[in-house]
Amino acid sequence: MPEDLAMPPGGLHIRWPDVPLEQEARLMDYKWYAALAYVRANRLNHNVVEGPNDRFGIIASGKAFNDTCQALADLGLDDATCRAIGVRVHKVNVVWPLEATITREFAQGLAEILVVEEKRQVIEYQIKEELYNWRPDVRPNVLGKFDEPEGAAGGEWSMPNPSENWLLRAKADLSPAIIAKAIAKRLKKLGLAPAGGDVAARMDQRIAVIEAREKSLVEIKTDTGERAPWFCSGCPHNSSTRV
């Protein structure tokens, strides 16, 4: 634990007697910041790919991070290629609370950040909060669940119906194929993979293979049958509720 971190009398842990309001005060005044200090001191969140001229950042955690690595591989974007075209990749091991100092270091110099996460926007909303007070000329654009429509200004909540512009859906799981398409789309939008270039041509070829694979999987129909609802096999109610 950092030496300059303030500690309450008796330490951070619960003790007897310990009334609820005192527990809550200790949580909000000390324990929250102790957890962040631990993340910061041990660099639990960190860049796995970075270069001196990065413009596009990808941040992910857990399964989404593994799927992102697979998506980059499927696009033919190895670490050397990412550094060459300006792609920075950040791995989050502690999703909540998201440590702000490390996150700001990751965001420094980027034009855009793509947040890859399953389901709802836990990381995305924290990043937007942490970067909110940056000057507009240095604050990167942050995208995640929703794409940025042509001519649109403002974020997700400024749209009458943002679900018309899904980029990384929240209504189902993500896959390397979905992530790969999102990465390719944003790289082309930012001009980091210009049309006619080797990187763009390679990504287009890989995307065509991915789409063909997806189409073949859709055409395969599998009958899984119907499974009637019932008690778990080890549940005591399985037999105790018989009349």
> Are there cysteines in the chain with no other Cys C-beta under 4.7 Å, and if so, which?
Replying inline: C69, C82
>> Keeping all protein chains in the complex and leaving out DNA, RNA and ligands, what accessible area do you get for Y38 with a 1.4 Å probe, in Å² to the nearest 10?
In response: 130
> Which whole-number value in Å² is the accessible area per residue of the range 72-160, probe 1.4 Å?
Replying inline: 49
> When the solvent-accessible surface of protein heavy atoms is calculated with a 1.4 angstrom probe, in what order do W16, W32 fall, highest first?
Replying inline: W16, W32
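Sorted by accessible area (1.4 Å probe), largest first, how do H13, H90, H46, H237 line up?
From most accessible down to least: H13, H237, H46, H90.
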> Out of these labelled values of mean projected area of the Cα convex hull in nm², (1) 13.3; (2) 22.0; (3) 21.0, which was calculated from the coordinates shown here?
Replying inline: (2)
> Given Cα pairs under 8 Å that are at least 6 residues apart, what percent is the relative contact order of the chain?
Replying inline: 17
>> Straight-line reach from K189: which aspartates and glutamates fall under 17 Å, measuring Cα to Cα and dropping same-chain residues less than 8 apart?
In response: D54, E112, D147, E148, E150, D198, D204
> Using a 1.4 angstrom probe and counting only protein chains, how large is the accessible area of R186 in Å², to 10?
Replying inline: 10
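Determine the alpha carbon to alpha carbon distance for each of K63/K181; K119/K181; K128/K188 and list only those over 20 Å. Walk me through the numbers before you get to the answer.
On the way: K63/K181 17 Å; K119/K181 18 Å; K128/K188 23 Å.
Cα-Cα > 20 Å for K128/K188; rest within.
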>> Please compute the contact order of the range 1-128 in relative form: average sequence separation of alpha-carbon pairs under 8 Å and at least six residues apart, divided by the residue count, as a percent.
In response: 30
> Put M159, M7 in order of accessible area, largest first, 1.4 Å probe: what do you get?
Replying inline: M7, M159
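The values are calculated or read from the model by the stated rules, or taken from the named source; none is laboratory data. Bear in mind that the values here come from a model prediction, so they are computed numbers and not experimental data. A quick note on method: Cβ atoms are made from the backbone with ideal geometry, for glycine too, and the neighbour counts reach across all protein chains shown. The area values use the complete protein model at the heavy-atom level, side chains included, leaving out ligands, DNA and RNA. Shrake-Rupley method; radii C 1.70, N 1.55, O 1.52, S 1.80 Å.
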